[in-house]
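The values are calculated or read from the model by the stated rules, or taken from the named source; none is laboratory data. Values in this document were obtained by computation on a predicted structure and should not be read as measured data. Please note: Cβ atoms are built from the backbone with ideal geometry, for glycine as well, and neighbour counts cover all protein chains shown. For the accessible areas, the whole protein counts, side chains as well, though only heavy atoms, and no ligand, DNA or RNA atoms are used. Shrake-Rupley method; radii C 1.70, N 1.55, O 1.52, S 1.80 Å.
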Amino acid sequence: MEDSKKKPVMIGVIVVCIIVAGLITLAKRGGGSGGIDSIPDDKMTWVKCSNPSCNAEYEMSEKQFHKEMQERFNPMARTAPPLTCEKCGKDSLFQAIKCANPSCGAVFIKGIAGPGDHPDRCPKCGHSETEDIRKKRMAGG
């Protein structure tokens, strides 16, 4: 092929590749927004107050939790900001997990397990639902 024809052909190939990549990206995103507004209004999440004189634990709307987190977001912070506890009024409320072990049921702040451990490891009984699921998967069941 002549050099004068190579350049337009190569430009055409690049343009087609960019268009195809854009279409694939749009198709992978799906139709939903995927943002906070896509969280169902009735979906709840556990929260726990880290104030030692309070230690309140309760469920709140997951949508409301994420909206409040978004309002307090600080890109320079290394950790999630605490929310205001509805019981004591202090900025000491964090997302929590309720232990899946039926004989325990402790509520604890999400991710307090040590580095390299499962974030849902209960500090009271040591149970981790994530670990159980992975063990079952590895066993083939």
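Observations on the structure shown:
- Residue that is surrounded by the fewest Cβ atoms within 10 Å (Cβ to Cβ), among those in segment 87-109 that are without any contact (Cβ under 8 Å) to a residue 40 or more places away in the chain and closer than 12 Å to Cys49 by Cα: Gly89
Results for (1) closer than 30 Å to Pro123 by Cα; (2) at pLDDT below 80; (3) in a loop (DSSP other than H, G, I, E, B), shown as yes or no for each residue.
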| site | (1), (2), (3) |
| --- | --- |
| Met1 | no, yes, yes |
| Val16 | no, yes, no |
| Gly22 | no, yes, no |
| Gly34 | no, yes, yes |
| Asn51 | yes, no, yes |
| Met60 | yes, no, no |
| Met76 | yes, no, yes |
| Glu86 | yes, no, yes |
| Gly111 | yes, yes, yes |
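- Long-range neighbours under 8 Å by Cβ, at least six apart or interchain, first residue touching a residue at least 60 places away in the same chain (Cβ under 8 Å) within segment 46-74, second open to solvent by 80 Å² or more (accessible area, probe 1.4 Å): Trp46/Glu57; Trp46/Glu59; Trp46/Lys98; Lys48/Glu57
- Odd one out for Asp120 among (1) within 23 Å of His66 (Cα to Cα); (2) open to solvent by 30 Å² or more (accessible area, probe 1.4 Å): (2)
- Qualifying residue in segment 58-74 (condition: open to solvent by 50 Å² or more (accessible area, probe 1.4 Å) and touching a Lys or Arg at 6+ places or on another chain (Cβ under 7 Å)): no
- Selected residue [among the polar types (S, T, N, Q) and under 24 Å from His118 (Cα atoms)] from Gln95, Gln70: Gln95
- Restricting attention to segment 54-80, the residues being under 21 Å from Asp37 (Cβ atoms) and of a type outside the set (A, V, I, L, M, F, W, C) number 11.
- Candidates Thr84, Thr130: the one that is open to solvent by 50 Å² or more (accessible area, probe 1.4 Å), of a type outside the set (D, E, K, R) and in contact with an Asp or Glu (Cβ under 6 Å, 6 or more places away or on another chain) is Thr84.
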